[in-house]
Amino acid sequence: MREFIKSFAGDNCWDFSYKEYNFLFVEQKYQSFYLFYFPSDREQLLKLKEESGDIFRAIKGSESYCSDMDKNITCILCLEVDENAYYETNASGKVSDLGKIICLVEEDLNYFKKNVLLYTKKMDIFSQEHIGCLESLCQEYFTEENFQSYKKSYSGNIEYDFLVNLFIKIPFLSFGGYQPGNRKEYQSMESFIQGRLTEKALDLGFIEKICVELEGILQDENALYEYLDALVKEPANEAVMPKEEQKHED
């Protein structure tokens, strides 16, 4: 798994060791940093959480340290588990013992953010067989057919399950960057919102102006209600009204 992740992490990655820990340290654009660790079991997962302060101090004392790392490191803990534990953790309606540990780790934001990426032995073998092939894997497996199969059964499509989890747990991966061709099944929230604004012919600048004005008076309840009352009483603004509503007004 380590070599698979390293193959798409880019050129700015290096090994960083502390005690028995052996990390893969990755730098991405906008001075964001990612600390990958591959614990052998749940105990090591919890141990890293408990020693995160010492690990962070070791990073600050390393030759590669820069001030941008202080508040901009995400630690991604890649843990291989057996299939029973993996699918039990993803099951709805209950929280497994492993799920409780993951919540404990991910909710701890001290020193750096923490994400836990689970995978099975089959997924690890799959990754080893496709080192350096993330883009082609996305083109092959991110299809409507595989998506429908995944919705019916996680275990029925382990490749799709594994790839989707990579994008969920590794922040520098973007569906937009690996979206096959011009397909729109996967898009950023920003592009989705922009598309809906264009579709409804809404004036984004006017909406942003309202948001800025509201932000300045949110703490003053009386001022907030006065502003909203005045906004409601204003004549309909054609710049922010959908086209179909403008026709009815005419």
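The values are calculated or read from the model by the stated rules, or taken from the named source; none is laboratory data. A quick note: this is a predicted structure, and the numbers were derived from the prediction, not measured. Note: ideal-geometry Cβ built from the backbone for every residue, glycine included; neighbour counts use all protein chains shown.
One table, with the values for the structure above:
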read-out: Test: residue in the range 141-153 that is assigned by TED's automatic domain parsing to the domain that holds GLN28, among the basic types (Lys, Arg) and without any contact (Cβ under 8 Å) to a residue 12 or more places away in the chain; value: yes
read-out: Test for GLU185: is it farther than 30 Å from GLN28 by Cα, in a loop (DSSP other than H, G, I, E, B) and either at pLDDT 85 or above or of a type in the set (D, E, K, R) (or both); value: no
read-out: Wholly enclosed helices (runs of 4 or more DSSP H) of the range 31-97 bearing at least 3 residues in contact with a Leu (Cβ under 6 Å, 6 or more places away or on another chain); value: 83-90
read-out: In the range 101-123, the residues that are part of a helix (DSSP H, G or I) and within 16 Å of ASN84 (Cβ to Cβ); value: ILE101, ILE102, LYS121, LYS122, MET123
read-out: Test: residue in the range 22-39 that is over 20 Å from the mean Cα position of the chain (by Cα), of a type in the set (Ser, Thr, Tyr) and assigned by TED's automatic domain parsing to the domain that holds LYS100; value: no
